[in-house]
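Asker: Mind looking over this structure? Questions follow.
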Amino acid sequence: MIQVENLTKKFNGTPAVSDVSFSVEEGEVLGFLGPNGAGKTTTMRAITGFLPATSGRVTVGGFDVFASPIEARRRIGYLPEHPPLYAEMTVAGYLRFVARIKGVPSSDLGFELDRVMETARIDHMGGRIISRLSRGYRQRVGLAQALVGDPPVLILDEPTVGLDPKQIHEVRELIRSWKGRHTVVLSTHILPEVEQTCHRVAIIARGRIVAVGTPAHLVERLERAARIVMDVAAPAGEAAAALGGVPGVADVRVLDASDERARLEVEAAGVGADVEPELARAIVERGWGLFGMQSSTMSLEDIFLELTTDEPPGGEAAS
Amino acid sequence: MRNVLTIVGRELRSYFVSPVAYVVLGVFVLLSGVFFQAILVQTLQMVQTIQAQSFGGTPQPVDVPGEISRQYFGTLGVILLFMLPMITMGLFSEERKRGTIELLLTAPVTDLQLVAGKFGAAVAFYAVLLGVTLAPISTLFLYADPAVGPLVTAYLGLFLYGASLLALGLFVSTLTENQIAAGVMTFGLILWLWIVDVLGGAAGGTMRAVLTRLSILTPLGDFMNGVLAVSNLVFYMSLAALGLFLTYRSIDAWRWKG
Ligand SMILES: Nc1ncnc2c1ncn2[C@@H]1O[C@H](COP(=O)(O)OP(=O)(O)OP(=O)(O)O)[C@@H](O)[C@H]1O
Ligand SMILES: [Mg+2]
């Protein structure tokens with residue numbers, strides 16, 4: 001339903017998104033996960049045609065968003081990062097305007113407004129002036145706006161921002177209920193949100209996609225991935241090289257080294273095999289002493305940080 | 001077409017819930033009313049003076065209603081210089097500031113329809129302003145028998161004059177997110193287009209002729225005298241077309257800049 005091919009977007013020569021490719025199947029919910037400034041909003045704006053790509057191609061429902069923008073936009077409901085509201089209008093007046101510019105036939109207008117207002121839980125708010133609404137209610141009006149016309153594709157930029165916990169839960173339930181009916185791309189910084197609502201997750205950092213997979217797949221990868229801290233009696237460099245040669249080891253870091261003793265941290269990639277016995281053998285075979293070994297699985301948050309930052313987590317906070 | 005009308009409708013409604021429309025309308029009604037009154041009194045005094053000076057002989061005929069309406073329209077042209085920037089200043093700048101441009105530019109509406117809708121709303125509001133001036137003009141019909149032809153051409157002239165300045169103002173409102181800045185820039189631009197013929201006065205020869213020709217008020221004078229010249233129609237229409245074209249291009253440029 002949505003195809004993004006080698007999307008690059010530069011602002012004044014600086015790339016905000018570089019060579020991003022992914023696709024979303026019909027009825028699928030894709031979560032976009034990434035820290036601030038990662039390029040989530042920029043990617044979504046390229047999908048909706050608000051910002052044309054510097055290079056690359058985006059198609060929605062088979063229509064190129066740049067070459068046939070009107071056809072593509074007819075299929076998209078979009079909730080931008082800042083809900084695009086006219087403060088002086090009433091909720092119903094605003095939604096009626098949105099319905100008209102989206103081409104909802106006049107005869108269906110009343111029905112359509114009732115439907116989206118009920119879905120976004122603002123059915124009693126029709127007569128209220130938007131500027132007097134609380135932030136959470138504005139977000140709901142923004143969501144209602146995206147749903148007008150029942151578009152097959154929904155692009156939601158941080159849909160649960162500003163909502164209370166009950167409403168967050170409701171919106172997540174709502175998105176879940178769309179599975180199979182709407183093709184959804186949503187962005188968030190919140191991991192559990194992705195786990196609860198999405199079929200697939202794309203993790204984006206510094207304008208590049210660093211991982212794509214089902215939440216279960218990611219979780220599995222996390223659970224298998226392990227950090228093992230080893231205390232050995234060996235020269236640090238040699239020990240690190242030996243451990244690095246063990247199959248399934250992704251990375252070895254020297255935490256501490258003094259005379260003949262070293263403390264090393266080994267990171268095992270998610271291959272599934274238990275690497276601990278192999279690690280122990282690698283040390284013992286070379287005639288070194290093994291004083292201790294402690295392994296810990298990485299939390300979801302750790303992996304997220306791991307995937308999206310250059311600095312090792314838990315280091316000195318920048319001040 | 002439906003898209004254009006939807007945008008016009010929303011814009012007009014928002015004019016009338018914001019204070020801007022009422023301020024513009026109020027100030028315009030007040031100023032034009034005061035000037036009409038002053039022009040009326042002045043013209044009547046002038047007629048009396050002429051009659052008194054002509055003693056026994058037949059006085060020179062004076063087209064009193066014609067004189068009044070010409071002066072009145074001339075004054076309107078100047079008052080409008082101040083009012084027109086306020087009509088267009090927020091049209092695009094506010095959309096950008098509030099982020100609603102993201103809704104408009106991702107809706108199944110072409111850029112051309114968007115520009116047409118915004119321009120249509122500005123012109124419709126301007127038509128309301130012009131409509132207000134029909135009241136004093138119609139009183140002339142109660143007391144005299146003004147020639148209808150020059151009145152029709154004068155209104156046509158004022159309409160085209162306003163529309164061309166609104167198109168330029170629309171363009172300026174795409175240049176900034178700050179509507180006050182857009183208003184001031186538009187005012188400056190209009191003022192400059194107005195006084196080029198003053199600059200022309202300092203120059204001489206063909207330069208002077210060209211600069212006088214460029215002043216936005218020059219063709220208006222012809223319209224008020226009942227003269228309908230193709231060159232004047234073309235002048236205002238091409239100015240409007242230029243403004244709309246620049247607006248269209250400017251929206252396209254934002255998309256790329258982001
Ligand atoms: N209009 C713009 N002009 C210049 N740079 C921009 C523009 N929009 C975004 N950027 C830059 O592009 C990068 C990606 O921004 P983007 O808004 O896509 O991030 P994001 O993932 O949505 O972040 P957040 O989680 O904070 O919303 C940032 O470095 C940002 O400064
Ligand atoms: Mg963002």
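The values are calculated or read from the model by the stated rules, or taken from the named source; none is laboratory data. Here the structure is a predicted model, which means the values were calculated and not measured. Cβ: placed from backbone, ideal geometry, glycine included. Neighbour counts: every protein chain shown. Surface areas here come from the heavy atoms of the whole protein model, side chains and all, with no ligands, DNA or RNA. Shrake-Rupley method; radii C 1.70, N 1.55, O 1.52, S 1.80 Å.
Asker: Restricting to Cα atoms and excluding each atom paired with itself, what does the Kirkwood estimate give for segment B:2-257 in Å?
Answerer: On the way: mean 1/r = 0.0503 Å⁻¹.
It is 19.9 Å.
Asker: Another question about this same structure. Limiting things to C-alpha atoms, what are the Rg and the maximum Cα-Cα separation (Dmax) for segment A:51-190, in angstroms?
Answerer: Answer for segment A:51-190, Rg first and Dmax second: 15.1, 45 Å.
Asker: How big is the Cα convex hull of segment A:224-297 in projection, averaged over all directions, in nm²? Walk me through the numbers before you get to the answer.
Answerer: Working: hull surface 16.0 nm².
Average of the hull's projected areas for segment A:224-297 equals 4.0 nm².
Asker: With the crude spin-label approximation of a point 7 Å out along Cα→Cβ, what separation in nm comes out for A:GLU276 versus B:VAL27?
Answerer: 8.0
Asker: Go ahead and set up a Gaussian network model of chain B, Cα springs under 10 Å, then flag whichever of B:PHE82, B:PHE141, B:PHE235 fluctuates most.
Answerer: With Cα springs under 10 Å in chain B, the top fluctuation among B:PHE82, B:PHE141, B:PHE235 is at B:PHE141.
Asker: Which pairs, out of A:LYS166/B:LYS97; B:LYS97/B:LYS118; A:LYS40/B:LYS118; A:LYS9/A:LYS179; A:LYS102/B:LYS118, put more than 28 Å between their alpha-carbon atoms?
Answerer: The pairs that break the limit, which is 28 Å between Cα atoms, are A:LYS166/B:LYS97; A:LYS40/B:LYS118; A:LYS9/A:LYS179.
Asker: Over all distinct alpha-carbon pairs, what is the Kirkwood Rh of segment B:1-103 in angstrom? Don't skip to the end; give the middle numbers.
Answerer: On the way: mean 1/r = 0.0577 Å⁻¹.
Over segment B:1-103, the inverse of the mean reciprocal pair distance is 17.3 Å.
Asker: Let me ask another. Return the value, in Å² to the nearest 100, of accessible area buried between chains A and B (probe 1.4 Å, both sides summed).
Answerer: Details: alone 15720 and 13260 Å², together 26370 Å².
The summed interface area works out to 2600 Å².
Asker: For segment A:243-269 and segment B:161-222, what is the centre-to-centre distance using only Cα atoms, to the nearest Å?
Answerer: That distance is 75 Å.
Asker: Once you place label points 7 Å from the Cα toward the Cβ at B:ALA181 and A:ASN6, how far apart are they in nm?
Answerer: Reported label-point gap for B:ALA181 and A:ASN6 is 3.8 nm.
Asker: What percent of all Cα-Cα pairs in segment A:1-112 falls in each 5 Å bin, counting up from 0?
Answerer: 2, 10, 18, 20, 18, 14, 10, 6, 2, 0
Asker: Give the relative contact order (percent, whole number) for chain B; include only Cα pairs under 8 Å separated by 6+ residues.
Answerer: Worked out over chain B, it gives 25 percent.
Asker: Per the helix-only calculation at 222 nm, which mean residue ellipticity applies to chain A, given -39500 (n - 2.57) for every DSSP H run of n ≥ 4 and division by its residues, nearest 500 deg cm²/dmol?
Answerer: -10000 deg cm²/dmol
Asker: Additional query: With springs connecting C-alpha atoms under 10 Å apart, model chain B as a Gaussian network and identify which of B:MET89, B:MET237, B:MET46 has the largest mean-square fluctuation.
Answerer: B:MET46
Asker: Just add up the charged neighbours of A:GLU88: K/R +1, D/E -1, any other residue whose Cβ is under 14 Å from the Cβ of A:GLU88.
Answerer: In short, +4.
Asker: Translational D (Stokes-Einstein, µm²/s) of segment B:169-213 at 10 °C and 1.306 mPa s when Rh comes from the Kirkwood sum over C-alpha pairs?
Answerer: 137
Asker: Moving to a separate point now. Just give the residues from segment B:77-115 buried by at least 40 square angstrom of accessible area in the all-chains context relative to the isolated chain, probe 1.4 Å, and say none if nothing qualifies.
Answerer: Relative to the lone chain, where solvent access is computed with a 1.4 Å probe, segment B:77-115 loses at least 40 Å² at B:ARG98, B:THR100, B:GLU102, B:LEU103, B:THR106, B:PRO108.
Asker: From the Cα gyration tensor of the protein assembly as shown, with a ≥ b ≥ c the square roots of its eigenvalues, which class applies: rounded if a/c is under 1.5, or else prolate if a/b is larger than b/c, or else oblate?
Answerer: Prolate is the answer for the protein assembly as shown, as a/c is 1.5 or above and a/b outweighs b/c.
Asker: Set the Förster distance to 56 Å, then compute FRET efficiency between A:ARG176 and B:ALA209 from the Cβ-Cβ distance, nearest 0.05. Intermediate values should be presented prior to the final figure.
Answerer: Values: r = 74 Å, r/R0 = 1.32.
According to the calculation, E is roughly 0.15.
Asker: Under the Kirkwood approximation for Rh and a Cα-based Rg, what ratio Rg/Rh is obtained for segment B:135-258?
Answerer: Values: Rg = 17.7 Å, Rh = 16.4 Å.
Taking Rg over the Kirkwood Rh, I get 1.08.
Asker: Here's a follow-up. Could you compute the FRET efficiency for B:LEU233 and A:ASP123, with r as their C-beta to C-beta distance and R0 at 51 Å, rounded to 0.05?
Answerer: About 0.45, to the nearest 0.05.
Asker: Let me have the relative contact order for chain A, percent, based on Cα pairs under 8 Å that are six or more residues apart.
Answerer: 18
Asker: To the nearest 10 Å², what's A:HIS217's accessible area with a 1.4 Å probe?
Answerer: About 90 Å², rounded to the nearest 10.
Asker: For chain B, what does the helix formula give at 222 nm: sum of -39500 (n - 2.57) over DSSP H segments with n ≥ 4, over the residue count, nearest 500 deg cm²/dmol?
Answerer: One gets -28000 deg cm²/dmol as the mean residue ellipticity at 222 nm.
Asker: Taking N as the number of residues in chain A, what is its alpha-carbon radius of gyration divided by 2.2 N^0.38 Å?
Answerer: Values: Rg = 24.6 Å, N = 319, 2.2 N^0.38 = 19.7 Å.
It is 1.25.
Asker: Averaged over A:82-93, how many beta carbons belonging to a partner chain fall within 10 Å of each residue's beta carbon?
Answerer: 4
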